[in-house]
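J.: Below is a structure I'd like to ask you about.
The values are calculated or read from the model by the stated rules, or taken from the named source; none is laboratory data. Quantities reported herein were computed from a predicted structural model and do not represent experimental measurements. Note that each Cβ is placed from the backbone with ideal geometry, even for glycine, and that neighbours are counted across all protein chains shown.
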Amino acid sequence: MDWRAYLRHLDYILIAAALGLVAYGVTMIYFATRHDIGGQPLRFVIQQLVAVGVGLVAAAVVSLLDYEIYRRFQWVMYAFAVFIVAVVLPFGEVVHGARRWIDLGFQSFQPSALAVLLLALSIGAYLADRMDMLGSKRVTLIALAMVAVPVFLVYREPDFGSAIVLVALTMAMLYFYGTSWTHFAVLAGSGIAAFVVALKVLPLAGIHLIQQYQIDRLFVFLNVGHNPQGSGYNIIQSMIAVGSGALTGRGDMATQTALDFLPEHHTDFIFAVLSERNGFLGALVLIALYGVVIWRCLRIATLSRDMYGSILAGGIGVMVLFQVFVNIGMTIGIMPVTGIPLPFLSYGGTAMIAFLMFVGLLEAIHLRATVTPSTRGHLVR
Amino acid sequence: MLLGPGNDEGRRSRPIRSGRRDRPIIQLPSVALRVAIMLGIAVALFGIILFRLWFLQILSGQQFVAQANDNRLRSVKILAPRGTITDRNGEVIVQNRPGLAVGVRLMDVPAGQLDGEVVDLAGALHVKPGKVRRKIVDHLRPSWPTGVPVAWRAVADGKVASLDLLVIKEDASRKVVSYLLEHRLSFPGVEIQKNYLRDYPQGDLAAQLFGNLGEINKDQLKEQRFKGYAPGDMVGQSGLEWSYDRWLRGRDGMAKVEVDAHGQPKAHAPVPGGRLPEPGDTLVTTIDAKVQAKAEEALRYGIHLANVNGEVAANGGAAVVLDAKNGQVLAMASNPTFDPSVYVGGLSVKDNKKLQDPHANYPLLNRAIMESKAVGSTFKPIDTVAALEEGVISAGTTFFCNGTFIAPNTLDRHVFRCWALSGHGTLDLVQAITQSCDVYFYNVGYLFYQRKGTELEDWAMRLGMNKPTGIDIPGEVSGRVPTPAWKRSYFKTAVDKIWNPGDSIQLAVGQGFMEATPLQLATSYAAIANGGTIVRPHLGLKVVDPQGKTVRNLEPARPHKVDISQSTLDTVRQGLVDAANSASGTSAGVFGGYPVTVAGKTGTAEVYDSSVMHNVNYAWYASYAPANDPKYVVVVMIEKGGHGGAVAAPAARLIYDQLFRLQSNKPAGAVRSD
């Protein structure tokens, strides 16, 4: 194997941005959690670093593998993804009233985070295999049906955030696959219609698909003052944290985090921790890093030697964009509270490993796209 | 194997990109176009985030810093000790003692735990849970913006919360406090607060004057006089505590404490920005504790005398001692009385029941100002002033008293009787006052009636009747001087609306519809004593700050003066001196030979008592002394006490004993008198 060619054709900008995000995130997890467990200021940091280590190894392996092989095992991966999100419902451990984790004995494992990776590979493969059927409604519908099964299971955990991430990922892959605009228009229209029916029409008939508190929670960001002690509390505290960071941050005076006013500070609201501590400038650095990651994703989508690579790279890029916007939007009060974590930043081992494997996958696509015919000969033994 | 062969040709060499199982296809999407669109979307979304961050952090940053500080810095109220209330000589009558209050801070009660906690707390405090709930809800009401009462459900669910410590029990026992502290983990949000409670070292002395403290209520918060007060503040609810609350309350201090989101204080150096409490000012009253005590003793003695005389129903009374020149109240006593300390820390149901029981004869009532009754013959000097000033009679005018009087030229031929059934014979004005001849004044009243005017009524009002005296404690009633106009508006039927000769005749002897409070009568007598000045009685003398500096003199605005001619004054005063001193005087049996010359008038007022459905006699004595240079006005009223000379005058003499530092035996009443 030609290690020199391998090393020469890695996308180092992507690696640097991703590692920068990981380092930034681990640092912020430290500041967010150092007082959480008395005498163990590094408890969460160490757990996260273990995940980072595992993730980096996994990413390296994925980058070495030719991603073509995932096409061969797409249905196995799909079945496995459905299996792990199904098995969490009866066997998962209950935390805060939700079954999202499986206790592996030494470590908790979040199936939905791994399912995102597996479904990206399998549904992307399904689409790439049907380039000849471009424009057919059947492909669009089957792709949506494929994701609908795990989405339903994840939603039942309940993990609303992961469910909509899966939907967003699938829509993004359909987009780069080339699904016709009319399909998107119809999907958007029927989505809005379904929402209105579930919200307005069915309740009149006495059917409550969505409970009132869920609606309240979804729209509370529009009027946080409505219930400052209840559903609005998290957003208000988060906005105070972000806002009080001002230009350069409060540093060790970051009391919203230190005194526990900020909820879920190392997971969903890690951006508020960062903004309070480092201010506008610190947030700018973070957003720039995400910008680089997304830029590299989209660039790899255009470079890819085949549609499978394009669909995957584009899908991953849009998914990261979606998660970043919804998560940050939530902490600054412009998006609803959905429980979507911040990629590479939020505490959570499985998600960290999955995202690092996405980076490995992007590198694999990049490698195989940039290796020229002449150098490829060297690359392959 | 690892870096598998993939497609054989490079991407650039093939016009069509395809996968392994790619078949030729007609049209391929332009990935570049879709990537470009997505880039545009990404830029837009990042722009939104950056714009919002700029708004939050750069434009509103300092605002949010303030909010973050609001979050972490909790202001803890440090209660200021309330000012003491002393008598004119500095003797403390109302002071403070330290106490412990139990309160709950709703913010610190974890969601969903309040319901259970209230039940536990009520158990620990030995009260019903409903009472604790009501207290919490009542506390919240004032700050609730919509004015809709807060539902307990909303509080229990955490939809409504409050940063403030809501005091549930004002004066908790040590036992309860230590129990709560021991089990503090089961009572999140419950706090023990040091506070000050009222203490009455003189027991029930002047109990009706000071009033009690209570938490400011919703309506009071809207009042002008309580502007700037906060919900939860303890304020005077009645009496002097109410009138002088602004001075007495001091200014609560504030300590800033850093707390975490769960309300747990963080042990750090003290946070700057606190404020020390400023103790309240001392209120020096015009009361003389010794005179007050004597006045209360005098009332008990008067009631005792009445009971001994066979007036077994006598069960209450009032006494007022005024400075004749400036209206300072040296004593204001009301019987029956009560122990004001029952209000400290909240009136118990049992105590409240006791105080409200009709058999207790309403001890809370300050009979000196809150109850007006017919004043009987003590009205005659007022009559005299009016008659002389209006020229109805002169000092030399005589009438013959044969014991009865029938108004001439009237249809009903009602017989008005003199208290001396066999009559007084021929009397001039001074003799009529001295002997309190009713027939003489029936004649005067009838003369006023014939003039068809309201001169008598006007004079009574001029001398302080029919309107509150303006004393500096709340609850004063205005009494009544009946006039033709009043009758017309008060009564329904045409017959009742007519002003009869009897109305003027009755008024002339302080009967009929005429009513006054003991304090009003005292101001009228003060005017006679001081030559026409209508004093405004007051209990507040001055406000002294904790350093001992007088910060405010509470002398009321300059009293107004009524013009009374010297000859009129001489005549009335002569009558009053003779009444108390000459052999035939109605109270000479009490004050004859007294070292200080007292000028005073007895009164035996017939008051309809609805509980026994017939008239009962209220005993009055209105007086001033020394007669030649009046310093004090003393008015005593004994409810259902019988004759003024028999019970009220002896009671008044006890008070004079104290005023002039005289030692004497307890005086017996005059045997037969008005």
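J.: Considering each residue of the range B:60-93, count those that are of a type in the set (D, E, K, R), within 21 Å of residue A:271 (Cβ to Cβ) and surrounded by fewer than 17 Cβ atoms within 10 Å (Cβ to Cβ), and give that number.
T.: Adding up the residues that qualify gives 0.
J.: Which one is farthest from the other protein chains (Cβ to nearest Cβ), of the residues in the range A:307-336 that are in a loop (DSSP other than H, G, I, E, B) and surrounded by fewer than 24 Cβ atoms within 10 Å (Cβ to Cβ)?
T.: Once the filter is applied, the top-ranked residue is A:336.
J.: Need pairs with beta-carbon distance below 6 Å; first residue within 14 Å of another protein chain (Cβ to nearest Cβ) and within the range A:1-20, second assigned to a helix (DSSP H, G or I) and modelled with pLDDT under 90; sequence gap 6+ or separate chains.
T.: The qualifying pairs are A:2/A:378; A:2/A:379; A:5/A:375; A:5/A:378; A:5/A:379; A:9/A:370.
J.: Which of (1) at pLDDT 90 or above; (2) more than 9 Å from every other protein chain (Cβ to nearest Cβ); (3) crowded, with 24+ Cβ neighbours inside 10 Å is the odd one out, the single condition residue A:265 does not satisfy?
T.: (1)
J.: Another one. Tell me which of these residue A:276 doesn't satisfy, since it passes every other one: (1) under 16 Å from the mean Cα position of the chain (by Cα); (2) more than 7 Å from chain B (Cβ to nearest Cβ); (3) without any contact (Cβ under 8 Å) to a residue 40 or more places away in the chain.
T.: (1)
J.: Only strands (runs of 3 or more DSSP E) wholly contained in the range B:270-358 count here; list those with 2 or more residues that are within 20 Å of the chain's Cα centre (by Cα) and in contact (Cβ under 8 Å) with a residue 60 or more places away in the chain.
T.: Passing ranges, in order: B:282-285, B:316-323, B:329-335.
J.: Something else now. If residue B:327 meets every condition in (1) surrounded by fewer than 24 Cβ atoms within 10 Å (Cβ to Cβ); (2) more than 13 Å from residue B:647 (Cβ to Cβ) apart from one, which number is that one?
T.: (1)
J.: Out of everything in the range B:119-160 that is more than 14 Å from chain A (Cβ to nearest Cβ) and at positive phi, what residue ends up being modelled with the highest pLDDT?
T.: If we take residues in the range B:119-160 being more than 14 Å from chain A (Cβ to nearest Cβ) and at positive phi, then B:126 is modelled with the highest pLDDT.
J.: Now, a different point. Any idea which of A:142, A:123, A:102, A:164 is β-branched (Val, Ile, Thr) and touching a Phe, Trp or Tyr at 6+ places or on another chain (Cβ under 6 Å)?
T.: A:102
J.: I'm trying to understand the selection: among the residues of the range A:22-61, which are of a type in the set (S, T, N, Q) and surrounded by 19 or more Cβ atoms within 10 Å (Cβ to Cβ)?
T.: Answer for the range A:22-61, where residues must be of a type in the set (S, T, N, Q) and surrounded by 19 or more Cβ atoms within 10 Å (Cβ to Cβ): A:33, A:48.
J.: What's the number of the condition residue A:93 fails, among (1) more than 20 Å from residue A:147 (Cα to Cα); (2) at pLDDT 90 or above?
T.: For residue A:93, the failing item is (2).
J.: Looking at the range A:94-122, which of the residues that are among the β-branched types (Val, Ile, Thr) and free of Cβ contacts under 8 Å to residues at least 12 places away in the same chain is farthest from residue A:82 (Cα to Cα)?
T.: Ranking the candidates gives A:95 first.
J.: With the structure loaded, tell me whether residue B:26 is more than 7 Å from chain A (Cβ to nearest Cβ) and modelled with pLDDT of 90 or more or whether it fails that test.
T.: Against the criterion (more than 7 Å from chain A (Cβ to nearest Cβ) and modelled with pLDDT of 90 or more), residue B:26 does not qualify.
J.: When the residues of the range B:442-461 are filtered to those that are surrounded by fewer than 22 Cβ atoms within 10 Å (Cβ to Cβ) and out of contact with any Ser or Thr (no Cβ under 8 Å at 6 or more places or on another chain), which remaining residue is farthest from residue B:535 (Cα to Cα)?
T.: B:450
J.: In the range A:298-305, is there at least one residue being within 28 Å of residue B:261 (Cα to Cα), more than 8 Å from chain B (Cβ to nearest Cβ) and touching a residue at least 40 places away in the same chain (Cβ under 8 Å)?
T.: So far as the range A:298-305 goes, no, none of its residues is within 28 Å of residue B:261 (Cα to Cα), more than 8 Å from chain B (Cβ to nearest Cβ) and touching a residue at least 40 places away in the same chain (Cβ under 8 Å).
J.: For the range A:171-205, give me each residue that is polar (S, T, N, Q), surrounded by fewer than 17 Cβ atoms within 10 Å (Cβ to Cβ) and within 11 Å of chain B (Cβ to nearest Cβ).
T.: A:180 - this is the single residue of the range A:171-205 that is polar (S, T, N, Q), surrounded by fewer than 17 Cβ atoms within 10 Å (Cβ to Cβ) and within 11 Å of chain B (Cβ to nearest Cβ).
J.: Let me ask something else. Any residue in the range B:491-499 that is more than 30 Å from residue B:557 (Cα to Cα), crowded, with 17+ Cβ neighbours inside 10 Å and in the same structural domain as residue B:516 (by TED's automatic domain parsing)?
T.: Within the range B:491-499 (the criterion being more than 30 Å from residue B:557 (Cα to Cα), crowded, with 17+ Cβ neighbours inside 10 Å and in the same structural domain as residue B:516 (by TED's automatic domain parsing)), the answer is yes, since at least one residue qualifies.
J.: Given B:286, B:282, which one is touching a Ser or Thr at 6+ places or on another chain (Cβ under 6 Å) and more than 30 Å from residue A:256 (Cα to Cα)?
T.: None of the other options fit; the residue is B:282.
J.: I would also like to ask the following. Output yes when any residue across the range B:404-416 is loosely packed, with under 13 Cβ neighbours inside 10 Å and in contact (Cβ under 8 Å) with a residue 40 or more places away in the chain, and no when none is.
T.: Yes, that holds for at least one residue.
J.: Would you check if residue B:165 is closer than 20 Å to residue B:235 by Cβ, out of contact with any helix residue (DSSP H, G or I) (no Cβ under 6 Å at 6 or more places or on another chain) and either in the same structural domain as residue B:280 (by TED's automatic domain parsing) or at pLDDT below 75 (or both)?
T.: yes
J.: Which condition does residue A:288 not pass, out of (1) under 22 Å from residue B:55 (Cβ atoms); (2) at the interface with another protein chain (Cβ under 7 Å from one of its Cβ atoms); (3) at pLDDT 95 or above, if it passes all the others?
T.: (2)
J.: For the range B:555-606, enumerate the residues that are modelled with pLDDT under 90 and either of a type in the set (Lys, Arg) or within 27 Å of residue B:286 (Cα to Cα) (or both).
T.: Those that are modelled with pLDDT under 90 and either of a type in the set (Lys, Arg) or within 27 Å of residue B:286 (Cα to Cα) (or both): B:555, B:556, B:557, B:558, B:559, B:560.
J.: Of all residues being polar (S, T, N, Q) and at pLDDT 90 or above in the range B:359-377, which is farthest from the chain's Cα centre (by Cα)? Just the residue, please.
T.: The residue in question is B:377.
J.: From B:368, B:387, which residue is crowded, with 20+ Cβ neighbours inside 10 Å and within 29 Å of residue B:611 (Cα to Cα)?
T.: Step by step, each of B:368, B:387 is checked, and only B:368 is crowded, with 20+ Cβ neighbours inside 10 Å and within 29 Å of residue B:611 (Cα to Cα).
J.: Take residue B:57 and tell me if it is surrounded by fewer than 16 Cβ atoms within 10 Å (Cβ to Cβ) and either within 7 Å of another protein chain (Cβ to nearest Cβ) or at pLDDT below 90 (or both).
T.: No; evaluated as a whole, the condition is false for this residue.
J.: Would you check which residues across the range B:482-537 are under 23 Å from residue B:404 (Cβ atoms), touching a residue at least 60 places away in the same chain (Cβ under 8 Å) and not in a loop (DSSP other than H, G, I, E, B) and list them?
T.: Selection gives B:501, B:502, B:505, B:506, B:507, B:508.
J.: Continuing with this model, one more query. Going by the conditions given, is residue A:340 among the aliphatic types (A, V, I, L, M), touching a helix residue (DSSP H, G or I) at 6+ places or on another chain (Cβ under 7 Å), closer than 27 Å to residue B:35 by Cα and at the interface with chain B (Cβ under 8 Å from one of its Cβ atoms)?
T.: So residue A:340 fails the test.
J.: Is it the case that residue A:141 is more than 14 Å from chain B (Cβ to nearest Cβ), within 17 Å of the chain's Cα centre (by Cα) and closer than 30 Å to residue B:32 by Cβ?
T.: Judged against the criteria, residue A:141 is not a match.
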